[in-house]
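Everything below concerns the one structure shown next.
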Amino acid sequence: EMGRHPARFLLAEFINLSDEAVDIQPVHRLVRETEKEAFLDFISKKFKCEKSGSLLVPKIAFSKENILAVDEAVAQFLKADGGRLCYVHGEDRLKKFAEEEGSAGICMPSPKRGRGRRQFSCEFFVRRRRGRRALLRGGKGNQL
């Protein structure tokens, strides 16, 4: 009976990330329940930013290191001054939420398309038949 239980199965889809039809968009950061100006000043001191109201656009390239650096800076601010971090898809939604009282947003960079695509590797576990697990790795052939 446990061998056929729905929780033992995984639905997965593999796609070609090089396909131009695949639209990969960034996940923006929104900080709520905080002192807006203090947050904007803190992040502006860490990164060169363009400010538009309650929204910051860091002048950074899309890379794992840069994304982690922004996340680390946000975590430092939240630990010291408080607030709540939210992840937002879409610039229009980010702008709308950032204008609310006690909220500010960071517009994250988008991955670039074309010949010099950035490479990445991904790891995830997939349950195989008979309960064994297999680690699947995306190597240097997987590109954004």
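Only the coordinates and a few stated rules stand behind these numbers; no lab work does. These numbers come from a predicted model, not from an experiment. Please note: Cβ atoms are built from the backbone with ideal geometry, for glycine as well, and neighbour counts cover all protein chains shown.
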Packing-ranked peptide list from 72-79, 98-105, highest mean Cβ count within 10 angstrom first, is 98-105, 72-79
Quick note, the range 1-102: a/c under 1.5 would make it rounded; otherwise a/b > b/c is prolate and the rest oblate (a ≥ b ≥ c, C-alpha gyration tensor); here it is prolate
If each part is reduced to its alpha-carbon centroid, the range 48-118 and the range 16-45 end up apart, in Å, by 3 Å
Ranking Phe9, Thr34, Leu94 by how far each Cα lies towards the positive end of the charge dipole of the range 1-120 (+1 on Lys and Arg Cβ, -1 on Asp and Glu Cβ), the top one is Phe9
Answer in debye to the nearest 20: the dipole magnitude of the range 1-86 about its Cα centre, from +1 Lys/Arg and -1 Asp/Glu charges placed on Cβ, is 280 debye
Violations at 18 Å Cα threshold for listed pairs Lys36/Lys64; Lys48/Lys96; Lys36/Lys95; Lys36/Lys96 -> Lys36/Lys64; Lys48/Lys96
Straight-line reach check, Lys79, cutoff 17 Å on alpha carbons, 8 or more apart in-chain or any other chain, hits among aspartates and glutamates -> Glu33, Glu35, Glu37, Asp41, Asp71
Here the net charge surrounding Arg84, from other residues whose Cβ is less than 14 Å away from its Cβ (Lys, Arg +1; Asp, Glu -1), is -1
When Phe62, Phe42 are ranked with the fewest other C-beta atoms within 10 Å first, the list becomes Phe62, Phe42
